[in-house]
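Chemist: Below is a structure I'd like to ask you about.
The values are calculated or read from the model by the stated rules, or taken from the named source; none is laboratory data. The model shown is predicted, which means the values in this text are computed figures rather than measured ones. Please note: Cβ atoms are built from the backbone with ideal geometry, for glycine as well, and neighbour counts cover all protein chains shown.
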Amino acid sequence: MSDLLFALYPWIKAIHIVAFTAWMAGLFYLPRLFVYHVEQGQDAPDKAAMLVTMERKLLKVIMNPAMIVTWLCGLYMAGLPGVVDWAAVWPWTKALAVIAMTWFHMWCAGQRKRLAAGDLSTSGRRYRMMNEVPTLLLIVIVVSVIVRPI
């Protein structure tokens, strides 16, 4: 059985990377849609309706499944004996960054619901600033996994 688990490892890793890439793309794009929504949605109800649809589909069809697959594949790989040195610092910094990325995902989901309900009280500037969060977390994750500092 363990031979099969290790034989699947490269495939699971590839799926993990593809899912993570899709998740990141969504996390980069959804807050940008929020900026357009709050800055242009008040003046053009038809644009606001289109943005609500785009935001919902991006989150439900792409981001949620990508996040779930990323987590499942990551946990699979982390659970294989000898793959991760849990005494090192890098798996913990990566884990914290992935948890923070998940929090950001949930924050975006909450913002999507607020915007769909017509609450445009958050500024475009705030959404632009929040759009930098996934970039910072991506840097932590990649450096943790590739460079493995300390």
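Every residue, every condition in (1) aromatic (Phe, Trp, Tyr); (2) at pLDDT 95 or above; (3) touching a Phe, Trp or Tyr at 6+ places or on another chain (Cβ under 7 Å), yes or no:
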| residue | (1), (2), (3) |
| --- | --- |
| Ala44 | no, no, no |
| Leu58 | no, yes, yes |
| Val61 | no, yes, no |
| Thr70 | no, yes, yes |
| Ala87 | no, no, no |
| Trp92 | yes, yes, no |
| Ile99 | no, yes, no |
| Arg112 | no, yes, no |
| Asp119 | no, no, no |
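Chemist: Same structure, new question: What residue, of Trp71, Trp92, is of a type outside the set (S, T, N, Q) and under 13 Å from the mean Cα position of the chain (by Cα)?
Modeler: Details: Trp92 fails: under 13 Å from the mean Cα position of the chain (by Cα).
On inspection, the qualifying residue turns out to be Trp71.
Chemist: Okay, next question. For the list (1) farther than 30 Å from Ser123 by Cβ; (2) out of contact with any Phe, Trp or Tyr (no Cβ under 7 Å at 6 or more places or on another chain), I need the number of the one condition that Ile12 fails.
Modeler: Exception for Ile12: condition (2).
Matching residues to (1) under 20 Å from His16 (Cβ atoms); (2) modelled with pLDDT of 95 or more:
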| position | (1), (2) |
| --- | --- |
| Pro31 | no, yes |
| Thr53 | no, yes |
| Pro65 | yes, yes |
| Gly82 | yes, no |
| Leu136 | no, yes |
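Chemist: Still on this structure: Looking for something of a type in the set (Ser, Thr, Tyr) and closer than 30 Å to Ser123 by Cα - is there at least one such residue anywhere in segment 64-86?
Modeler: First, pick out the residues of segment 64-86 that are of a type in the set (Ser, Thr, Tyr): 70, 76.
Then drop every residue that is not closer than 30 Å to Ser123 by Cα, which leaves none.
No, segment 64-86 has no match at all.
Chemist: Counting residues that are in contact with a Cys (Cβ under 8 Å, 6 or more places away or on another chain), which helices (runs of 4 or more DSSP H) fully inside segment 1-115 reach at least 1? First the steps, then the outcome.
Modeler: Details: elements: 2-40, 45-57, 64-79.
Passing ranges, in order: 2-40.
Chemist: All but one of (1) over 22 Å from His16 (Cβ atoms); (2) touching a helix residue (DSSP H, G or I) at 6+ places or on another chain (Cβ under 6 Å); (3) not in a helix (DSSP H, G or I) hold for Thr122, so report the exception by its number.
Modeler: Evaluating Thr122 over (1) over 22 Å from His16 (Cβ atoms); (2) touching a helix residue (DSSP H, G or I) at 6+ places or on another chain (Cβ under 6 Å); (3) not in a helix (DSSP H, G or I) leaves (2) as the failure.
Chemist: Are any of the residues in segment 36-55 loosely packed, with under 14 Cβ neighbours inside 10 Å, in contact with a Lys or Arg (Cβ under 9 Å, 6 or more places away or on another chain) and on the phi < 0 side of the Ramachandran plot?
Modeler: First, pick out the residues of segment 36-55 that are loosely packed, with under 14 Cβ neighbours inside 10 Å: 40, 42-46, 49, 53.
Adding the requirement that they be in contact with a Lys or Arg (Cβ under 9 Å, 6 or more places away or on another chain) leaves 40.
If we keep only those that are on the phi < 0 side of the Ramachandran plot too, we end up with 40.
Yes.
Chemist: Oh, and also: For Pro65, are the conditions met, namely being farther than 30 Å from Ile150 by Cα and surrounded by fewer than 16 Cβ atoms within 10 Å (Cβ to Cβ)?
Modeler: yes
Chemist: Quick one: count up the residues across segment 95-150 that are surrounded by 15 or more Cβ atoms within 10 Å (Cβ to Cβ), of a type in the set (S, T, N, Q) and more than 16 Å from the chain's Cα centre (by Cα).
Modeler: 2
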